[in-house]
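The values are calculated or read from the model by the stated rules, or taken from the named source; none is laboratory data. Small disclaimer: the values here were computed from a predicted structure and weren't measured. Here the Cβ positions follow ideal geometry from the backbone for every residue, glycine too, while neighbour counts run over all protein chains shown. Keep in mind that these areas ignore ligands, DNA and RNA; they rest on the heavy atoms of the full protein, side chains included. Shrake-Rupley method; radii C 1.70, N 1.55, O 1.52, S 1.80 Å.
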Amino acid sequence: MASNGFGSVFRFTTWGESHGPAIGVVIDGCPAQIQLTEADIQPWLDKRRPGQSSLTTQRQEEDRVKILSGTFEGVTTGTPISLLIENTDQRSKDYSEIKDKFRPGHADYTYHAKYGIRDYRGGGRASARETACRVAAGAVARKILGPSVVIRGAMVQIGPHIVDRTEWDWAQVDQNPLFSPNAKAAVYWQNYLEEIRKSGSSVGAVVELHAGGVPAGWGDPIYDKLDADIASALMSINAVKGVEIGSGFASAALTGEANADEMRAGEDGKPVFLANHAGGVLGGISTGQDIVARFALKPTSSILTPRKTLDVHGKETDIQTKGRHDPCVGIRAVPVGEAMLACVLADAKLRAQCSSL
């Protein structure tokens, strides 16, 4: 099974399954002499960790990271960094009743069609459990980027309910379990999701990411565009079905005048943009503005409501997925999206440094 790695200069490869003994990631391309300890990685894993509220899966994983290689006395050595996260709360028996059935909307059928075998326990490699490895890689990427690049994510839509942007407050994101930038929306969404959870169903969501402090000139034109790399990174996250940069699809309704990010001269000699419909990227290269991206996630496929499906023998049947699942996978996708954006930007920074040599 190829395609388990992402990036070029800064590259990471994840391994492991949802119900295996452990999951992990190997990171290559991290420069030497960067301070890195497990304490630098753990806070980001804690942000993604399951079981922190009734609105996420109640699987209780500590997600304690162990650095196995690539550092010496708390500093990176320039060699591959290997990180280990043990699985401690698997309940494989929850899936025994559906091991021969394909969950509609999940990767069960496609994995079976491609490989002729699949790990039915929690989805195996297709499980969102794998995203913990991405978050760990993202923590290392943030160390490469340094404090000047600030990456933040927020939930902007759950089901049909969209956040009111007139009351956007980044400080609120860390004050509620839904990563909402609006306190009122957080309360409404929480009540809404409780109803969805009790009904045994699920809903989708939209996450918005911002990266400030990115200088102009990162990324490459044509086939290695920065926004194309961002789109690829976000589309690779479980359950993501759509990505947009800047104004995205809303750009189609704008006129050329409205969509133009007009410029004026700044006091420091750098341009001052009067708008950011481009989302901080033009021609595949960063403009120096905030990079803005959004991604949409479909509803969780594992639900209690019986659905029509087929089994591995092609026989028609019904399926009802029991066990511990998120009523909205978008909640824990916020730190995952942040991590993937960090990885893309760390790669872009190192590529820019290589091209300047």
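Within the set of other residues whose C-beta is less than 9 Å from the C-beta of HIS210, count the net charge using Lys and Arg as +1 and Asp and Glu as -1. Intermediate results must be reported in sequence, preceding the final value.
Numbers: positive: ARG152; negative: GLU208, ASP290.
It works out to a net charge of -1.
How would you rank 298-306, 29-37, highest first, on the average number of other Cβ atoms within 10 Å across their residues? Mind showing how you got there, number by number?
Details: 298-306: 18.3, 29-37: 15.9.
Packing proxy ranking, top to bottom: 298-306, 29-37.
For the pairs LYS114/LYS298; LYS114/LYS225; LYS184/LYS241, flag any whose C-alpha to C-alpha distance is greater than 25 Å. Kindly include the intermediate steps, with their values, before the conclusion.
Details: LYS114/LYS298 23 Å; LYS114/LYS225 30 Å; LYS184/LYS241 27 Å.
Cα-Cα > 25 Å for LYS114/LYS225; LYS184/LYS241; rest within.
Restricting to the stretch 207-357, compute how many DSSP beta bridges are antiparallel as a %, nearest 5. List each step's numbers first, then the result.
On the way: 19 of 19 bridges.
About 100 percent, rounded to the nearest 5.
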### Message
Sort 189-195, 256-262 by packing, meaning the average of other beta carbons within 10 Å per residue, with the highest value first.
### Response
189-195, 256-262
### Task
Name the residue farthest towards the positive end of the dipole of the chain from the options ALA216, PRO104, VAL135, assuming +1 on Cβ of Lys and Arg, -1 on Cβ of Asp and Glu, about the Cα centre.
PRO104
### Query
With every protein chain present, what is the per residue accessible area of the chain (1.4 Å probe, Å²)?
48 Å²
### Query
Among TRP189, GLN175, GLY288, whose Cα lies farthest out toward the positive end of the dipole of the stretch 174-291, if unit charges sit on the beta carbon of Lys, Arg (+1) and Asp, Glu (-1)?
TRP189
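Please compute the length gained on full extension between ASN259 and VAL272, using 0.36 nm multiplied by the number of residues separating them and subtracting their Cα-Cα distance. Provide the component values of the computation, followed by the final result.
Details: separation 13, 0.36 × 13 = 4.68 nm, distance 1.58 nm.
In short, 3.1 nm is gained.
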### Task
With a 1.4 Å probe and every protein chain kept in, tell me what percent of the accessible surface of the chain is carbon plus sulfur.
53 percent
### Message
Using Cα springs under 10 Å in a Gaussian network model of the chain, which residue among ARG125, ARG264, ARG332 shows the largest mean-square fluctuation?
### Response
ARG264
### Query
Which FRET efficiency, nearest 0.05, do LYS322 and HIS161 yield, Cβ-Cβ r, R0 22 Å?
0.20
## Note on the structure
For the chain, the convex hull over Cα atoms projects on average to an area in nm² of 19.6 nm²
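Given only helices, namely DSSP H runs of n ≥ 4 each adding -39500 (n - 2.57), what is the per-residue ellipticity at 222 nm of the chain, to the nearest 500 deg cm²/dmol? Please list the in-between numbers first.
On the way: 7 runs with 91 residues, N = 357.
-8000 deg cm²/dmol, from helical runs alone.
Which value, in debye to the nearest 20, gives the size of the charge dipole of the chain about its Cα centre, when Lys and Arg are +1 and Asp and Glu are -1 at the Cβ?
Values: 39 positive and 41 negative charges, 222 e Å.
Roughly 1060 debye, rounded to the nearest 20.
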### Summary
Taking alpha-carbon centroids only, the stretch 181-243 lies from the stretch 259-302 a number of Å equal to 15 Å
### Message
Using only the alpha-carbon atoms, how far is helix 226-235 inclined from the longest principal axis of the chain? Give it as 0 to 90 degrees, nearest 10.
### Response
10 degrees
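Sorted by packing (mean other beta-carbon atoms within 10 Å per residue), highest first, where do 196-202, 167-173, 242-248 land? Before the final figure, lay out the partial values.
Details: 196-202: 16.4, 167-173: 13.9, 242-248: 19.4.
Result, highest mean Cβ count within 10 Å first: 242-248, 196-202, 167-173.
Net charge near ALA183: determine it from the other residues with C-beta under 10 Å of the C-beta of ALA183, scoring Lys and Arg +1 and Asp and Glu -1. Don't skip to the end; give the middle numbers.
Details: positive: LYS184; negative: GLU167, ASP169.
Surrounding charge for ALA183 is -1.
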